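Every number in this text was worked out from the coordinates using simple rules, so none of it is lab data. For clarity, every value in this text was computed on a predicted model and none was experimentally measured. Virtual Cβ from ideal backbone geometry, glycine too; neighbours counted across all protein chains shown.
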Amino acid sequence: MSKETVTRINSNYQQYRVSDGAAEPWPENATLYQQLKGEQILLSDNAASLAVQAFLQMCNLPIKVVCRANAEYMSPSGKVPFIHVGNQVVSELGPIVQFVKAKGHSLSDGLDEVQKAEMKAYMELVNNMLLTAELYLQWCDEATVGEITHARYGSPYPWPLNHILAYQKQWEVKRKMKAIGWGNKTLDQVLEDVDQCCQALSQRLGTQPYFFNKQPTELDALVFGHLYTILTTQLTNDELSEKVKNYSNLLAFCRRIEQHYFEDRGKGSSSIRSS
């Protein structure tokens, strides 16, 4: 059975499970799974996990963050984070947003159709630019690969499995980069793409507290997850974070969400730096 077939079966199973129990109330013991925070998780997965945590905080839904070395392999889609709610398992922000909406919690119901289309377009921009740049930096920039990525990704596993899994993942990401036209890009070109994305986000945000004025949506959660993680992740140099720091309203935006949805709720930095 091919990997694509398995992924499709997992996706179909996941969608069935979501609709099967969506009407049940949100439990107090809902759990989010990600890789080990201190020594394993990489920039892109950390950003994705933080985006989901921020989204659930914005919905005022409790979630416990649990770190597991094999979280990537526990996930029905092979991607993190995933949440375990009752007898449901749902992975990645998009499906989680739909799952939560089916339970009666939505951040974007107040938007009209034009605004919803605009929100989705900006979410695509973040995923196509910021997420792809993070993956490029992790797996295609030789300095980052050599000094950070391979050691962190393979850290929970013994030799030679640690090296085998890291090289396998690197091959998969490089194949994806080639397929989407990023295979021959230089680091400078990727950083320029990040800057253009940040510029577009900065212009759309303007002086508003959130992208659609006074109330956050899933777009705010997604942008926060990526920008905050870029700003707080130590890499081989500061070139990536410096692109974000050029936009003062994006920095204020990150601080606003951190303060309101993490610190002010008694979670502080520990929620963002969960172990």
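Once you sort the root eigenvalues of the Cα gyration tensor of the stretch 76-124 as a ≥ b ≥ c, which label holds: rounded (a/c under 1.5), prolate (a/b larger than b/c) or oblate (the other case)?
On the way: a/c = 4.27, a/b = 1.64, b/c = 2.60.
In terms of gyration-tensor shape, oblate.
Quick one: net charge of Glu242's neighbours, Cβ under 14 Å, K/R +1, D/E -1? Don't skip to the answer; put the middle values down first.
Values: positive: Lys243, Lys245; negative: Asp188, Glu192, Asp195, Asp238, Glu239.
Counting the neighbours of Glu242, the net charge comes to -3.
Going by the alpha-carbon gyration tensor, a ≥ b ≥ c the square roots of its eigenvalues, is the stretch 99-138 rounded (a/c under 1.5) or, if a/c is not under 1.5, prolate (a/b greater than b/c) versus oblate? The shape class here is oblate. Here the label points at Glu242 and Asn162, each 7 Å from Cα along the C-beta direction, are separated by 3.2 nm in the simple model. The Rg/Rh ratio of the stretch 132-181, with Rg taken over Cα atoms and Rh as the Kirkwood radius over Cα pairs, comes to 0.99.
Determine the relative contact order of the chain: mean sequence separation of Cα pairs under 8 Å and six or more apart, normalised by residue count, in whole percent. Write down the numbers at each step before the final one.
Details: 346 pairs, mean separation 65.8, N = 275.
In percent, rounded to a whole number, it is 24.
The Stokes-Einstein estimate for the chain, based on a Kirkwood radius over Cα pairs and taken at 37 °C with 0.692 mPa s viscosity, is a diffusion coefficient of 170 µm²/s.
Expressed in nm to one decimal, what extension gain is obtained for the pair Arg175 and Asn127 from 0.36 nm per residue of sequence separation less their Cα-Cα distance? Mind showing how you got there, number by number?
Working: separation 48, 0.36 × 48 = 17.28 nm, distance 1.75 nm.
Difference between extended and current length: 15.5 nm.
Could you tell me which residue out of Thr207, Asn184, Leu56 lies farthest along the dipole of the chain toward its positive end? Charges go on the beta carbon: Lys and Arg +1, Asp and Glu -1, centred on the Cα centre. Of Thr207, Asn184, Leu56, it is Leu56. Overall shape: prolate for the stretch 34-127, with the ratio a/c of the largest to smallest alpha carbon gyration tensor axis at 1.5 or above and a/b above b/c.
Note on the stretch 143-275: percent of Cα-Cα distances in each 5 Å bin, starting at 0 and stopping at the bin with the largest distance, equals 2, 9, 14, 17, 17, 16, 13, 9, 3, 1, 0. Net charge in the neighbourhood of Ala48 (other residues with Cβ under 12 Å of its Cβ; Lys, Arg +1, Asp, Glu -1) is -3. Phi angles across the stretch 85-100 convert, under the Karplus curve 6.51 cos²θ - 1.76 cosθ + 1.60 with θ = phi - 60°, into 3J(HN,Hα) values of 10, x, 10, 9, 10, 9, 10, 6, 4, x, x, 5, 4, 5, 4, 5 Hz, Gly and Pro given as x.
Net charge near Glu72: determine it from the other residues with C-beta under 11 Å of the C-beta of Glu72, scoring Lys and Arg +1 and Asp and Glu -1.
+2
Using helices alone, what [θ] at 222 nm do you get for the chain, with -39,500 (n - 2.57) per DSSP H run of 4 or more residues, divided over all residues and rounded to the nearest 500? The partial results should precede the final answer.
On the way: 13 runs with 151 residues, N = 275.
Result for the chain, helices only: -17000 deg cm²/dmol.
Relative contact order for the stretch 118-214: 29 percent, from Cα pairs under 8 Å spaced at least 6 residues apart, divided by residue count.
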